[in-house]
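**Student:** Structure provided below as structure tokens; questions to follow.
Where a number appears in this text, it was derived from the coordinates with a stated rule and is not lab data. The structure presented is a predicted model; accordingly, all values stated were derived computationally and were not measured. Heads up, the Cβs are rebuilt from the backbone with ideal geometry, glycines too, and the neighbour counts pull from every protein chain shown.
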Amino acid sequence: MALLSSFYLKSERGGSQTLAAAAAPRTRGNDSKRNLSEKKIDVYEIFCLGGGSGDWNATQNSERDLFMVRRENGRWHIVRDWLRSIYEVRSGYHARLPLDDTRPFWERYALMSYWIRPEQDRGLLNTIFWPSDPAWALGDWRGVKLLRGLLRHPRRHVRLAACLAVPSDQDECVNTFSRAEWESVRDDGVLPREPYKWDANRERYSRDAFDRSLFGESLPPADLRYASMDRVRIFTTINHPTLRREFCRKFMAKFPNDTDNGCPADKTPPATIVTENGDVPLLGNWR
């Protein structure tokens, strides 16, 4: 099985500008990386027509995609034909990935999906983009901070897209847009977002999930996503002032030396943006 390396191809396929990452075979002790630039390449893929449905690896004209491919008998072949191995890139054109080759490829790829520069216009697919982290390289907390950074982006449609992508209990952004602005997302086939409606059941569920996660108690399978420190930190920026104060008090009592969180509860939730050097804190205006 070939391992994924940072090996990139730009090509024109059916009118689409694509970005491809090739899984080049590696042997033990040989971690060399190769770069290849071609105007056009042929990529071979087998589509399964029985026993399942869906656009597993479907691509459309005028979109930018990341291909995971490997060389087989002199031909580039998709690394897998059943599960998805072609990922749409909706954050615009990038000449390179953030960070350098010493960092894991999937971390760099995930950061790229949040990398939308202030001057960037050409190359954005449409109003709505969805951050992509297929290998879960960033985790919940880094992802939420990056979305909050995009909530301060100078372009309105980027802010709208980020607000659509934040978790429902982190949605302090919803009321910052007018009804007309929310209606504009319908052009992309997306329903406008409504504010998260808190009630007694949701408050009780959040308290229960936070306490079990904070104190390491067993969690049901449906709530395994709460079982990491990443998720505990997200509770410290929850969009419920009373719960946030309660969670911050408990969090800081257990982790008094932790500095990467949303406490104290009256401060603006932390935000980051992506640069060539990775995700960095956004302390003032977008830059």
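**Student:** In whole Hz, with x marking every Gly and Pro, tabulate ³J(HN,Hα) for the stretch 184-191 from phi via Karplus 6.51 cos²θ - 1.76 cosθ + 1.60, θ = phi - 60°.
**Tutor:** Once θ is set to phi - 60°, the couplings for the stretch 184-191 become 5, 6, 4, 4, 9, x, 10, 6 Hz.
**Student:** So, one more: I'd like the distance between the alpha-carbon centres of the stretch 256-276 and the stretch 146-177, rounded to an integer number of Å.
**Tutor:** Between the Cα centre of the stretch 256-276 and that of the stretch 146-177, the gap is 16 Å.
**Student:** Right, something else. Arrange Asp266, Asp208 by Cβ neighbour counts within 10 Å, fewest through most, would you?
**Tutor:** Sorted ascending by nearby Cβ count, the order is Asp266, Asp208.
**Student:** Here is a further query. At 7 Å along the Cα-to-beta-carbon direction for both Trp286 and Asp187, put a label point, then send me their distance in nm to one decimal.
**Tutor:** 1.7
**Student:** What ranking, highest mean first, results for peptides 252-259, 71-78 when packing means the other Cβ atoms within 10 Å averaged over each residue?
**Tutor:** 71-78, 252-259
**Student:** How much length is gained if the chain between Asp266 and Asp100 is pulled fully straight, taking 0.36 nm per residue apart and subtracting their Cα-Cα distance, in nm to one decimal?
**Tutor:** 56.1 nm
**Student:** Each residue of the stretch 250-262 in order: what ³J(HN,Hα) in whole Hz does its phi give by Karplus 6.51 cos²θ - 1.76 cosθ + 1.60, θ = phi - 60°, with x for Gly and Pro?
**Tutor:** Values per residue, Gly and Pro as x: 5, 4, 6, 5, 8, 10, x, 9, 6, 10, 9, 7, x Hz.
**Student:** Sorted from largest down, what three extents in whole angstroms do the Cα atoms of the stretch 92-287 have along their principal axes?
**Tutor:** On the principal axes, the stretch 92-287 reaches 47, 45, 34 Å in Cα extent.
**Student:** Extending each Cα 7 Å along its Cβ direction at Asp171 and Arg202, get the distance between those two points in nm, one decimal.
**Tutor:** Spacing of the two 7 Å Cα→Cβ label points: 0.7 nm.
**Student:** Count charges around Pro270 for me, please; just the other residues with Cβ under 10 Å from its Cβ, Lys/Arg as +1, Asp/Glu as -1.
**Tutor:** Cβ neighbours under 10 Å give a net charge of +3.
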